[in-house]
Every structure is written in structure tokens, then in C-alpha cells.
1. If we only count helices (runs of 4 or more DSSP H) wholly inside the stretch 182-289, which ones have 3 or more residues that are of a type outside the set (A, V, I, L, M) and within 10 Å of the ligand (Cβ to nearest atom)?
2. Sort through Val157, Val85 and tell me the only one that's within 16 Å of the ligand (Cβ to nearest atom), at pLDDT 95 or above and β-branched (Val, Ile, Thr).
3. If a residue must be assigned to a helix (DSSP H, G or I) and within 18 Å of Trp319 (Cα to Cα), how many such residues does the stretch 438-461 contain?
4. If I ask for residues that are crowded, with 21+ Cβ neighbours inside 10 Å and β-branched (Val, Ile, Thr), which ones from the stretch 442-457 would you list?
5. Taking Arg422 as meeting all but one of (1) within 16 Å of the ligand (Cβ to nearest atom); (2) of a type in the set (Lys, Arg); (3) touching a Lys or Arg at 6+ places or on another chain (Cβ under 8 Å), write down the number of the exception.
6. When the residues of the stretch 10-56 are narrowed to those that are touching a strand residue (DSSP E or B) at 6+ places or on another chain (Cβ under 7 Å) and not in a loop (DSSP other than H, G, I, E, B), which ends up farthest from Arg417 (Cα to Cα)?
7. I'd like to verify a number: residues in the stretch 31-73 that are surrounded by 13 or more Cβ atoms within 10 Å (Cβ to Cβ), without any contact (Cβ under 8 Å) to a residue 24 or more places away in the chain and more than 18 Å from Ile492 (Cα to Cα), how many?
8. For the stretch 108-135, give me each residue that is under 20 Å from Glu64 (Cβ atoms) and aliphatic (A, V, I, L, M).
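The values are calculated or read from the model by the stated rules, or taken from the named source; none is laboratory data. Nothing here was measured: the structure is a model prediction, and the numbers come from that model. Cβ atoms come from the backbone with ideal geometry, glycine included; neighbour counts cover every protein chain shown.
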Amino acid sequence: MAKREPFIPIWYHQRRPERSYRSLFKWGDPEAFKHPNRGLFELAREVFGMQNEDFLQPINLGLEAFDADAPVRLDERHIRWMQDVVGAENITTEAYERTRASYGGGMLDALRLRQQIVENLPDVVVAPRSPADVQAVVGYCHAQRIPLYVYGGRSSVTRGMEAVAGGVTLDMSKHMNRVIAFNEIDQTITVQPGMLGPQLEHLLNHAPEEFGAQRRYTCGHFPQSFEYSSVGGWVVTRGAGQNSTYYGKIEDLVLAQEYITPAGIIETKPYPRAATGPDIDQIMMGSEGCFGILTSVTLRVFRWMPENRRRFAYLFKGWDAALNACREIMQAEFGFPSVFRLSDPEETDVAMHMYSIHNTPADRLLRTLGYQPMQRCMLLGSVDGDRAFSRLVQRKLHAVCRQHSAFTLTPFKVTQRWEHSRFRDPYMREDLQDYGILTDTLECAVTWSQLKDVHARVRSFIKSRPRTICMTHLSHAYPQGANLYFIFIARIDSIQEYLKLQYGILQAVQEAGAAMSHHHGIGKQTAPWFSEQMGEPVMGLLRAVKSYLDPHGILNPGGTLGLDMTPKQRAKSWGIGPRQ
Ligand SMILES: Cc1cc2nc3c(=O)[nH]c(=O)nc-3n(C[C@H](O)[C@H](O)[C@H](O)COP(=O)(O)OP(=O)(O)OC[C@H]3O[C@@H](n4cnc5c(N)ncnc54)[C@H](O)[C@@H]3O)c2cc1C
């Protein structure tokens, strides 16, 4: 009898139509796809009780031509003024481009666009060619009291640049993406903020050819959004790359910045450290477009020695043993790994499905050895740096893992497989959502002593919703704690249901006492919880800085960082609804 071919869902695998709704919400490269593999598809079917037939007809692909009616409210004379400054080719009032400028990479943005909800657009998008253009526009908007927003890569997952008050949005990616200086003696590079990750990394990796340098360098900052996010966006949201355990978060890499504000230009110098009063760089980093427009950044760079990279992967019998091992690695003073990522039991099980290990002979052997499903935890990562250093860290780390009864997965090239798909995994989001399965993430920062409790509480909230996958990993580790990153997958296609879950998770994070964000920033999404967490004296201080730098409140108005929240926001209810 002929063997029946396994069922394969019909995943959308075409370049999305130009100027369609899908072109606005599809992540990344229009030509690139990563479809859920058989293991993940089967898991989804099992958890969500779906049948093969449910994967034959996508619910809503968003292929319709963008046709939103979005009137421009800004007076024509302001638009003419902008046009005179930057040139007609660097300004647009087209509804499609204005939507692109306001919607980011968050799930709420994707859900709204699938439902053709187009709201909160700037009236005009302006691409400055130079800091002088930025200065002119900032001065004009200040004098005329026109709201001013800004974007770099548009990958915000917190509604960071959503232009809720209309006005002008600056596009920093079109022109403001150049190198300003490279200094091999100090090992620094100064760039404009609209430069995207790959351009920066290419320049540094090719420093001998680009700058006549002696060596090759790396920026060491690789967020999952690396290919489509900008240096400016990283800095003002206090982002973290996947290799941050060794290289540091962006605030560890920034040495100097320039911001253009209504009150004047703030420029800091690239001293390695200084004792010159409170640190202005730290005050401005994380300002998310509310204190000024970032026009230049000086970053530390590192020698690029990919040939020295050492990879590792382990399986622990349980969460406790894995956490103890990770803490020991971070506190033992032998040096830090670069990528360092520990999956909790559910994420490990999902990985077993995705890597097609689930129910194989290898899986059965692991179970016999005591590495049981929904208990075992996978650690993977790599070590960068000098050859002797990376060898030493790998050797010491191995010893710690073995002391905690870990099974060595290093020979199975788990980390290499993870590296291969590290920037591709977000592409699965659209496929799943085409069939009404939503996947989203929330992250927070915790100390080691809080970690288990925060994990248990947030997870228990997410799992209280029936048929919901909740995967968590610890990444971006420190001697004192780590980032906890929650990924939830659920069958949801209504905005209200999504927001109910998302707000509930934010509330659970808040009640568990974690920092509301480790690297995504606050935006307009997390603002109410942020302001509650910080308390009135801190919010008062932030508002004082804001009112000095931006006395008319023109920069990113509408609740970002909780500085000027609407009553609806304060009540944690944005009243988002279908287009009327
Ligand atoms: C699939 C995916 C994966 C992600 N992975 C990570 C990750 O691993 N690590 C991480 O840290 N983040 C991650 N993010 C979140 C996002 O990529 C980061 O917040 C990133 O730093 C934003 O950069 P951007 O250039 O896209 O900024 P934008 O989205 O363009 O803007 C973000 C905020 O910065 C402000 N801004 C931008 N440029 C300027 C400027 N020149 N001056 C003043 N304000 C400015 C905007 O107004 C807005 O408030 C991810 C997002 C997605 C969609």
C-alpha cells in the first residue's frame, strides 16, 4: 500500500503585493520566508485542537490594496515650509507612507493592519538630509507647536513612534545613515542614527578596506531585529543584542551622542568614563524620541575574531539545576560567554518539536537518562574574544554544567542551528497569524533572587488561559540577574482578546516586581505600568527634564514613557476598535 504523504499546510509563499496591507505588516525581507516546520505545525494542531482542514484556507492574508482614507490636517503652509527646507523629494503626505511611518513591528500593529484599522498617522513624513535639516524642523515645530515624531528602522514593538497627535514624522533611515568618523586608536565609530545593523557591521568587519584600518572589528550588538533596526532606535530604547552577555547592552557601548532639542543641542564627548556630575548620556538613552532627536552616536567597537568563537549546548534535568548552573557561570569570575540562553521546560519541549527530536530514538534515550519532557531545560550559547579566553570560558563553563548533571549537546550543533535561524524565526509569525494563531513576546529584567518567582507568576498567568503556549528563556545574563523573555502563542484574532492577554501579562510582571522592560523600551504600550513602577518623584523628575528640553511638549506626544498619558491610557484601556 502506498504511504500517505504527510499533510502540509498552505503557507503563503509569494512576494506580498506592493502597497498592500500585508506589505505594511510583513516582517523583514519581502522575498524571505520561514514556514513553521512539521514539528511546530503538529504541536500547534495538538495544542489548539485544530484539524488539517483548518490549515487549508487562511483567515485573512491582508493582500488587499491599501486604500485608507486619511485626511491631512496640518495646514498647507507648514507643509510648504518643510518642502522648502528638505526638498520636494524628501517629503510625502501619502497615506501609505504615513502609515508606514506610524506602525512598527508589534503584534497590535499587525492585527490592526490585517483588519484595515488605520489610525494615528502623522500628516507628513519628512526625510532630513543633515543635522541642519533636523535642527530647522525641530525649531519650526517648536515655534509652531507641531507634534514631531521620528523613526529609524520601524521595528518598535511598543508603539514607540505611533503619531497619535498627528503632525510631522522624521524618517532618519533615508539619508541620515552615514559614517561620521572611525578611530582605530580609541576603537570607536561615530555614525548617524539611521544606519541599520548590517551596514554598521559590514563597515566594521571590512575596516581595512573601508577605513584603511589594521584590523577588523565588530559592533557586538545583534538584536533579533538586527537587519531591520537602526543604531538610533537601539540607543533611545536601551536595546540589547543576543551577544550582550559579553559585549554589553547598547548603553554599555555608547560613548557619546548628539541630540537636537527645542532647547538647543546636547553633545557629549567620547571619554571612556568621567566624574563630571550625573551622566547625561544615560539620561538621554532611553528617552524614546521624547527629549530630542538623536543625530550622532559614538560606539565602542571590538576586535572581530570569529575564528575564535566556541559554541556550547547542554540539557539539564530541571529548571532549578539549570538556573543554579547559569548563576554560577555568571558569578565564578572566569569571564562571560557571549550568547547565553537558557530555555525553560516548555520552551525546551517546543525546541524538541521544532528540531524534530521529539519522540525520536535520541529523545527516548534522553528520557531514559532522566531528562524528562516538561522538566528538562536547554542551555545554548557561544564564547567570543581572544582564543585563549574563549577556550578557557568554554572549559570552565563545561565543568559547571557537568557539576549540575547536564547532558552535553555541543556535538549535535544545536547552537549552529540556532544561529542559522536567529534572524529568520520572526518570519513564522505571519504564517501562524494567517490561520488565526498569534505569537507575541514580552520581556522583563530580574535579579537572581527574584527570577524563579517572577517566572512562576507570569507563566501561571499566561497558562491560566486555556490552550496557550508559554515559552520562556533567560538571556542577557549578569552576575546579579538576567532578562526573562516570555513568548506566548495562542489562537486569537480579536484585538480586544489580544489586549486582554497582553495587559494581563504586563500586570503580572508588575505585581511580581520585575523591571517592566529589559530591552524593548516602554513606548506607549507599557507606559501606564512604567509610571506606576517608577513612582511620582521619578516621573516628576522625567517630566521636569522633558519640560526643560521640550517646553511645548512637541516631541513624541501621546503617552510615550508615561509623560503625557491620556485618561484612557492611564486607565489601561486604549479603546482601539475597528475602522468606522
Ligand atoms: C522581530 C523583532 C525582534 C526584536 N528583537 C529585539 C532584540 O533582540 N533586542 C532588542 O533590544 N529589541 C528587539 N526588538 C525591538 C526593536 O527592534 C528595538 O526596540 C530597536 O532598538 C528599535 O530600533 P528601530 O531603529 O527599529 O527604532 P524605531 O522602531 O524606528 O523607533 C523606536 C523608538 O525610537 C525612537 N527613535 C528612533 N530613532 C530616533 C532618533 N534618531 N532620535 C530620537 N528617537 C528616535 C522612535 O521615536 C521610537 O520611539 C525586536 C523587534 C522585532 C519586531
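1. Details: elements: 197-205, 207-211, 231-237, 244-247, 250-253, 280-284.
Passing ranges, in order: 231-237.
2. Values: Val85 fails: within 16 Å of the ligand (Cβ to nearest atom).
Being within 16 Å of the ligand (Cβ to nearest atom), at pLDDT 95 or above and β-branched (Val, Ile, Thr) holds for just one of Val157, Val85, which is Val157.
3. Initial filter on the stretch 438-461 (assigned to a helix (DSSP H, G or I)): 448-461.
Subsequent filtering for residues that are within 18 Å of Trp319 (Cα to Cα) retains 448-460.
The qualifying residues number 13.
4. Listed by number, the residues that qualify are Val446, Val454.
5. Condition not satisfied by Arg422: (3).
6. Ser20
7. 0
8. Narrowing the stretch 108-135 to residues under 20 Å from Glu64 (Cβ atoms): 108-119, 121.
Within the stretch 108-135, Leu108, Ala110, Leu111, Leu113, Ile117, Val118, Leu121 qualify.
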